[in-house]
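The values are calculated or read from the model by the stated rules, or taken from the named source; none is laboratory data. Not measured: the values here are computed from a predicted model. All Cβ positions, even for glycine, are placed from backbone atoms using ideal geometry, and neighbour counts span all protein chains on display.
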Amino acid sequence: MTEAVHTQRVFSGIQPSGNLTLGNYLGAVKRFVEMQDSGIETIYCMVDLHAITVWQDPATLRKNTHELAAAYIACGLDPKKSILFNQSQVSAHAELGWIFNCVARLGWMNRMTQFKDKAGKNAEKVSLGLYAYPSLMAADILAYKATHVPVGEDQKQHVELTRDIANKFNHDFGTDFFPEPEPVIAGAATRVMSLRDGTKKMSKSDPSDMSRINMTDDADTIAKKIRKAKTDPEPLPDTLEGLEGRPEARNLINIYAAISNQTPEQTLAQFAGQQFGQFKPALVDLAVAHLAPISAEMARLMSDVAEIDRILGDGANRAAAIADPILDDVKDIVGLIRSRS
């Protein structure tokens, strides 16, 4: 049997759980924007079904979904170039997710390290959805037969699981129906660390707001957080090796490099020998110039959520036009009767 040739397509999504950070932007959304102009069809989702794996206040969930959509657009995603929608408006995600629950093996799910991190010692008390959500993530991707998935390093294991599910489905049913998607992990700051502790990932759940830059922060707040970011007394080296054992220094260099579209090596060449008293003002100027217009545009967009809803509804229709025929084919392959007129 000849191997199927799958059309290249990009899919990725972010949970609308509030407080989108610089880490989310540099690790994901900035690359979404770059891929939008690559000539490959791009589909970007607010994964609200994933958000409800832990309890959400309904009004807050709606607000967070609108805010994430505003962030996507303010960061440069064009609804005319990319399909933008919230996951729950396209039922193929949930339907295919159930089929994949019946394809994925329990042992595979037990190896998912992120579930262990999120569940902690109370694994018996968390929702079944939190346990099974990597299977839904596989459905998110494969409902569009996506071939490329831009993700952060922490989601790579879930894309590998998606490949396993695609491969097992194809094997079980003697088909080449699903592609095995590739994770796209690139850039200087795919894992942005806390401004207060360079060994910890920048997180919206960190109790200290000073540990992160929120995409809603205004220019003054961005500047204040960078000026107060933890550093060390040593000057900046001229090689990456010189940043070994200096996690805060490495983090700030990575952030500068990612915002300015440089490599960390190029950034070090620019600032080698300088103290942080010289480097931080340059990082402040760069970050404010790049990020403050995004937060201002987000605020403008959030003043008209009806327009955001219009964009999401249009995106959902376009997404469903791709996903529904794929789901119909899956049902035929599996042997599920489709006789509704």
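Within 27 Å of GLY18 (Cβ to Cβ) and outside any helix (DSSP H, G or I), is that true of LYS225? Working first, answer last.
Numbers: within 27 Å of GLY18 (Cβ to Cβ): yes; outside any helix (DSSP H, G or I): no.
No: the conditions fail for LYS225.
State all residues of region 220-259 that are among the polar types (S, T, N, Q), touching a residue at least 12 places away in the same chain (Cβ under 8 Å) and surrounded by 17 or more Cβ atoms within 10 Å (Cβ to Cβ); if no residue qualifies, say none. Even if it seems obvious, please write down each step before you answer.
Taking region 220-259 and keeping what is among the polar types (S, T, N, Q), we get 221, 231, 239, 251, 254.
Filter once more, keeping what is touching a residue at least 12 places away in the same chain (Cβ under 8 Å): 231, 239, 251, 254.
Residues satisfying the conditions are THR231, ASN251, ASN254.
Consider ILE99 against the criteria (1) at pLDDT 95 or above; (2) within 19 Å of the chain's Cα centre (by Cα); (3) surrounded by 15 or more Cβ atoms within 10 Å (Cβ to Cβ): it satisfies all of them except one. Which criterion is unmet?
Status for ILE99: all satisfied but (2).
Given the criteria touching a strand residue (DSSP E or B) at 6+ places or on another chain (Cβ under 9 Å) and not hydroxyl-bearing (Ser, Thr, Tyr), does MET210 qualify? Please lay out each step first, then the result.
Numbers: touching a strand residue (DSSP E or B) at 6+ places or on another chain (Cβ under 9 Å): no; not hydroxyl-bearing (Ser, Thr, Tyr): yes.
In short, no.
If you check GLN262 against the conditions, is it assigned to a loop (DSSP other than H, G, I, E, B) and either within 24 Å of the chain's Cα centre (by Cα) or assigned by TED's automatic domain parsing to the domain that holds GLU41 (or both)? Working first, answer last.
Numbers: assigned to a loop (DSSP other than H, G, I, E, B): yes; either within 24 Å of the chain's Cα centre (by Cα) or assigned by TED's automatic domain parsing to the domain that holds GLU41 (or both): yes.
Taking the combined requirement at face value, the residue satisfies it.
What number of residues within region 92-104 are touching a helix residue (DSSP H, G or I) at 6+ places or on another chain (Cβ under 8 Å) and outside any helix (DSSP H, G or I)?
Looking only at region 92-104, we keep the residues that are touching a helix residue (DSSP H, G or I) at 6+ places or on another chain (Cβ under 8 Å), and these are 92-97, 99-101, 103-104.
Narrowing the set further to residues that are outside any helix (DSSP H, G or I) leaves 103-104.
Residues that pass the stated criteria total 2.
When only residues in region 116-159 that are outside any helix (DSSP H, G or I) and small (Gly, Ala, Ser) count, which is farthest from the chain's Cα centre (by Cα)?
Within region 116-159, the first condition is being outside any helix (DSSP H, G or I), and the residues that meet it are 126-127, 143-152.
Going one step further and asking which of them are small (Gly, Ala, Ser), we end up with 127, 143, 146, 152.
On the way: SER127: 22, ALA143: 17, ALA146: 15, GLY152: 6 Å.
Top of the filtered list is SER127.
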